[in-house]
1. Out of curiosity, is D259 acidic (D, E), loosely packed, with under 14 Cβ neighbours inside 10 Å and modelled with pLDDT of 95 or more?
2. Could you check A264 against (1) open to solvent by 10 Å² or more (accessible area, probe 1.4 Å); (2) assigned to a helix (DSSP H, G or I); (3) within 23 Å of V151 (Cα to Cα); (4) not acidic (D, E) and say which number it fails?
3. When the residues of the stretch 267-293 are filtered to those that are within 16 Å of R346 (Cα to Cα) and out of contact with any Ser or Thr (no Cβ under 6 Å at 6 or more places or on another chain), which remaining residue is surrounded by the most Cβ atoms within 10 Å (Cβ to Cβ)?
4. Is it fair to say G105 is outside any strand (DSSP E or B), under 30 Å from T244 (Cα atoms) and out of contact with any strand residue (DSSP E or B) (no Cβ under 6 Å at 6 or more places or on another chain)?
5. What's the number of the only condition in (1) open to solvent by 70 Å² or more (accessible area, probe 1.4 Å); (2) touching a Phe, Trp or Tyr at 6+ places or on another chain (Cβ under 7 Å) that D93 fails to meet?
6. What do you reckon, is W233 at pLDDT 95 or above, surrounded by 15 or more Cβ atoms within 10 Å (Cβ to Cβ) and under 26 Å from G308 (Cβ atoms)?
7. Tell me which of these D218 doesn't satisfy, since it passes every other one: (1) under 23 Å from T192 (Cβ atoms); (2) open to solvent by 70 Å² or more (accessible area, probe 1.4 Å); (3) in contact (Cβ under 8 Å) with a residue 40 or more places away in the chain; (4) not small (G, A, S).
8. All but one of (1) within 25 Å of P305 (Cβ to Cβ); (2) aliphatic (A, V, I, L, M); (3) modelled with pLDDT under 95 hold for V179, so report the exception by its number.
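The values are calculated or read from the model by the stated rules, or taken from the named source; none is laboratory data. Just so it is clear, the model here is predicted, and its values are computed rather than measured. We place every Cβ from the backbone using ideal geometry, glycine too, and count neighbours over all the protein chains shown. To get the accessible areas, we keep the full protein, side chains included, count just its heavy atoms, and leave off ligands, DNA and RNA. Shrake-Rupley method; radii C 1.70, N 1.55, O 1.52, S 1.80 Å.
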Amino acid sequence: MSIHHPIAVVGAGLGGLTLARVLHRSGIEAAVFDLDASPTARAQGGMLDMHEESGQAALRAAGLHDAFRELIHHGGEAMRILDKSAVVHMENDGQGGGRPEVKRGALRDLLLGALPSGTVRWGAKVTGVRTLDDRRHEVTLADGETFTADVLIGADGAWSKVRPLVSDANPVYSGLSFVELHLLDADTRHPTGAALVGHGMMFALAEGKGLLAHRDPDGSLHVYVALRTPADWATSGPIDFTATAEAKAALLEHFPDWDERLRALVAGADGALVARPLHELPVGHRWDRTLGVTLLGDAAHLMSPFAGEGANLAMLDGAELATAIATHRDDIEKAVAVYEEALFVRSEAAAAESADNLELCFQPDAPRPLVDRMTQYQGGAQAGAVS
């Protein structure tokens, strides 16, 4: 027998948790389902810059903005843009900026801690979703349990199981792959790299490739090797990323004439290397109003990280949807329609910016296009932490 929930959310990422928290503040409870076995089952990524008009607005709606301020990585808004010779073309100390940096994991913990115990069901992997009638949908979990909901919300990321109920769009490869790595206790163990990166974000770009890095609050460096590669390069290409030493050497073959201080960010990496192809949904992705279901976050508007918008928009989506439901609690379909009308407009603009910034960063004459773009911002340099 299926269990029925008035509101069911698939995905306990930042967007789904923000939705649940803002609903809870309005006296409306939601059931949240996540495939991870526990909140600590996997790493939660690096630093996020919280935008005033989106991520921070969502935190205010959730009543958590003051608590968020306690988590800020002070100095993390600093930014440096270098070329392959490690020449600094632009530098900003981040002082007076409006996009403070925070660890994704710390932000997620803040949201989780603000929800009633039992709101999130962990280890709930969705294996199937189907439409039962003109507005009701059934979700099947890996353990065989099923449930239905008056409103089903897909907050389940790039490869959403809920998305096919409203859209036949699938993510496509952006043409760019990242390899993530870390340098621990950087000031002591990797002082040259630490000095190169500085206190915040560093972009070293040239000839359609790059080394991107940011400093974490624990003193480590989180580095992203960025390469234009075939779609399957990160998963089944010529580099075996489980053989760490060999993988480092293979990556460095892509940077033969780069400054040794930059190459050392790869050569000196501690621990495993993780390769990730970057995918996107089409700019302007939208769907016809489908009764009883909607999407938020990457499930709705997956984009590259080159505008720092992904997490911010997911949280704003969650807050806006919750606010609409609370405002129109006697007409859930009107609430979702109001939410989607605004969602489509803001996500299209952000996705277009993200796609444009990706191309701008990896032009043959990089880093000049990025420097020119940042100069246009009149010192407001908000490139966005890679998320």
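1. Answer is no for this residue.
2. So the condition that A264 fails would be (3).
3. L281
4. Spelling it out, G105 is indeed outside any strand (DSSP E or B), under 30 Å from T244 (Cα atoms) and out of contact with any strand residue (DSSP E or B) (no Cβ under 6 Å at 6 or more places or on another chain).
5. Exception for D93: condition (2).
6. yes
7. Status for D218: all satisfied but (3).
8. (3)
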